[in-house]
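Here, each number is a calculation from the coordinates, and none is a lab measurement. Small disclaimer: the values here were computed from a predicted structure and weren't measured. FYI the Cβ positions are ideal-geometry reconstructions off the backbone, even for glycines, and counts take in every protein chain you see.
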Amino acid sequence: MSKLWGGRFTKTAEEWVDEFGASISFDKELVMEDIEGSLAHVKMLEHCGILRKEETDQIVGGLQALKEKAKKEQLLFSVEMEDIHLNLESLLIQEIGPVGGKLHTGRSRNDQVATDMHLYLRSQIKEVQNQIINLQKAILSQAEDNITTLIPGYTHLQRAQPISFAHHMMAYFWMLERDRQRFSESMKRVNVSPLGAGALAGTTFPIDREYSAGLLGFEAIYENSLDAVSDRDFIIEFLSNSSTLMMHLSRLAEEIILWSSHEFHYIELDDAFSTGSSIMPQKKNPDMAELIRGKTGRVYGNLMGLLTVLKGLPLAYNKDMQEDKEGMFDTVRTVSGSLKIFEGMIKTMTVKKDVMEKTVQSDFSNATELADYLAAKGMPFREAHEVVGKLVLSCVKQQCYLADLSMDQFKAASELFEEDIFNALSPYEAVRRRNSAGGTGFDAVQLAIQKAKRIVEEYQQEPAHL
C-alpha cells in the first residue's frame, strides 16, 4: 500500500521504522472525532463553492458509512497509513473512489489532529464534570446522615478539636466543586476551532473557517494559523486540572485508608471496594483507595511529560507533538475510573458513629473550649491559653482528661471557672456552638449542605453542562 504522501519519495521505510513512527495504535481512539471534523470540513467546502454538491454528497455518504462501521468496530486500520487521519482517508477512497481524495482540500493533518483533540476533550470534560457531580452527591448523602456525628478534627495528624463528620466530608465537596469549576473555565479554551489553519500558513482556497466552526459547535476560531496547529495549552490545562482533581481524591483516599484501619476503625468499606490477602485470612484491604492514591502520580507524570515535550519546540508543528495523545487518553481513563470508584466507595461505606463518639470523649480536643470560655469571661486569650495548657499538663501527669477534673481543680487554675464549665467541655456542645460561617456547628453544616444541594441541582439543569 503506497503512502498518501509518498510522491516525493523514492524508497519506503522498513516495517519496524513504520511501526515506530505510527500513532494508529492509540490515536484510533479519535475515530469518531476525525469523522465528525471531516463531515464539517466537506460541508464547508461545498458551502464555499470549492466542491460540487454531488461530490459532497458522495463524500458525506462515504464518511457516514465509515462511521457506522466504526460503531460496530469493523474498520481495519493499517500501521503503514500511520495515523487515524490517513487511515480514514484511505478507507474513504476505498469506499467511494478517487473523489474521496478531495476531502483533504484546504486542510492539513496538522489542523485536522488539533481539531480532533479539541472535540475529544470537549466531550470528555463534560463527562468528567458529570462524574464529579455524582461523587459530590454521594458525599452529600453521607453528610446528611452524619450532621451530628462527631469525629476528632486533626492538625499535624494530632487530635485538635471535635468536629461534625458531615463537616469533614463536606470539605471534599467544596474541593470537588472547585475542580468542576476549573474544568468549566477551561472550556472557553477547549471550544476553539483550529480547522482550516492548514499545515501552518492557512490556505489559498476561499474557505470559511467560522462556518465549519459553527457546524462543530465551536464558539470561536484560532486567530493565528501558526498558533492553531502548535497550541497544546488546552491539553496541558486539562492535565493540570486533572492533576489537582486527583490530588484531592488522593487526600480523601489517604483518609479512607486511615479511617478503615483497626487503629482508627471510623468506617468500614463495602466488600465490593476491598480485597483480601493470599496468606492472612483476616485482612480486608482498602485496595481501591490505595490504587487511586497511586494513580495520582501517573496523572502528574502525564502533565510533566507533555510540558517537557513542548518546552523547546519551535513553531509550528513537530513530530514530537505526536506524544501529546497517549497521556491525554490515559488521564481521561484514570480520572474517570477513579471518580466512579470513589462514588461507589463513599455511597456504600459504613460510618462507625459509636467509635467516633468514644474517640472524642477520650482526648484533649476540647481544650480550646476552655480557653474560649475564659476569654469570654474577660481574660486575654493568650493568658487563657497558658492557663489551659497547664491544666492539660496536669491531666497528662494524672492520666486523666479535662472533664475528669473537679470544680476545685478548675477554681485553683482560675476563679473565672463556674459550674457551667462542664457543659462547655462537652464535645457535642463544642461542635454545636461553632456556627460561624463555614464552621462545624450543626446549623452551619446544615446551611452548607443546602447550598451544596442547590449547586448540584443547578448544574443538572444546565443543558450543556458547561
Report, to the nearest 10°, how far helix 442-461 tilts away from the longest principal axis of the Cα atoms in the chain, using its own Cα long axis and a range of 0 to 90°.
10
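Once you sort the root eigenvalues of the Cα gyration tensor of the stretch 121-218 as a ≥ b ≥ c, which label holds: rounded (a/c under 1.5), prolate (a/b larger than b/c) or oblate (the other case)? Please report the intermediate quantities before stating the final value.
Numbers: a/c = 6.83, a/b = 3.41, b/c = 2.00.
Because a/c hits 1.5 or more and a/b exceeds b/c, the stretch 121-218 counts as prolate.
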Which FRET efficiency, nearest 0.05, do ASP145 and GLU254 yield, Cβ-Cβ r, R0 22 Å?
0.45
Specify which residue in the list ALA114, GLN322, MET280 is farthest towards the positive end of the charge dipole of the chain, using unit charges on the beta carbon of Lys, Arg (+1) and Asp, Glu (-1), about the Cα centre.
MET280
Percent of beta bridges antiparallel (DSSP, the stretch 142-228, rounded to nearest 5)
75
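With a 10 Å radius around each residue's Cβ, average the other Cβ atoms per peptide and rank 289-302, 386-399, highest first.
On the way: 289-302: 18.8, 386-399: 13.8.
Top of the packing list down: 289-302, 386-399.
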In the neighbourhood of MET349 defined by beta carbon distances under 12 Å, the net charge of the other residues (Lys, Arg +1; Asp, Glu -1) is -4
Can you list the lysines whose alpha carbon is less than 17 Å from that of LYS451, not counting same-chain residues fewer than 8 positions off?
LYS137
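Restricting to DSSP H runs of at least four residues, report the calculated mean residue ellipticity at 222 nm for the chain, -39500 (n - 2.57) per run over all residues, nearest 500 deg cm²/dmol. Let's see the in-between values first.
Working: 19 runs with 285 residues, N = 466.
Mean residue ellipticity, 222 nm, calculated: -20000 deg cm²/dmol.
Which of the GluC sites (Glu not before Pro) across the stretch 201-240 are loop residues per DSSP, with 12 or fewer other Cβ within 10 Å? List each step's numbers first, then the result.
Numbers: sites: GLU210, GLU219, GLU223, GLU237; in loops: GLU219, GLU223.
In loop regions of the stretch 201-240 (DSSP not H, G, I, E or B), the sparsely surrounded GluC sites (Glu not before Pro) are GLU223.
Tell me whether the stretch 356-438 comes out rounded, prolate or oblate; compute the Cα gyration tensor, take square roots of the eigenvalues as a ≥ b ≥ c, and use a/c under 1.5 as the rounded threshold. Can you show the working numbers first?
Values: a/c = 1.65, a/b = 1.08, b/c = 1.53.
The shape class here is oblate.
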Report the GluC sites (Glu not before Pro) located in the stretch 42-80 that are in a DSSP loop and have at most 13 other Cβ atoms inside 10 Å of their Cβ, or state none.
GLU73
Testing the spin-label approximation: label points 7 Å from Cα along Cα→Cβ at ALA171 and GLU386. State their distance in nm.
3.1
Expressed as a rounded percentage, what relative contact order does the chain have, with Cα pairs under 8 Å and six or more residues apart?
17
Relative contact order computed over the stretch 359-461 (Cα-Cα under 8 Å; 6+ residues apart), in percent:
22
Give me the net charge of LEU313's neighbourhood, meaning all other residues with Cβ under 14 Å from the Cβ of LEU313; Lys, Arg count +1, Asp, Glu -1.
-3
Lys and Arg at +1, Asp and Glu at -1: neighbours of ASN191 with Cβ under 12 Å from its Cβ sum to +2
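Give the shape of the chain as rounded, prolate or oblate, defined through the alpha-carbon gyration tensor: a ≥ b ≥ c are the square roots of its eigenvalues, a/c under 1.5 means rounded, and otherwise the shape is prolate if a/b is larger than b/c and oblate if not.
Numbers: a/c = 3.21, a/b = 2.71, b/c = 1.19.
Prolate, because a/c is 1.5 or more and a/b exceeds b/c.
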What's the center-to-center distance, using Cα atoms, between the stretch 61-115 and the stretch 137-211 in Å?
35
Multiply the residue gap between ARG333 and ALA199 by 0.36 nm, knock off their C-alpha separation, and tell me the result in nm, one decimal place.
45.2 nm
Sorted by packing (mean other beta-carbon atoms within 10 Å per residue), highest first, where do 407-413, 311-317 land?
407-413, 311-317
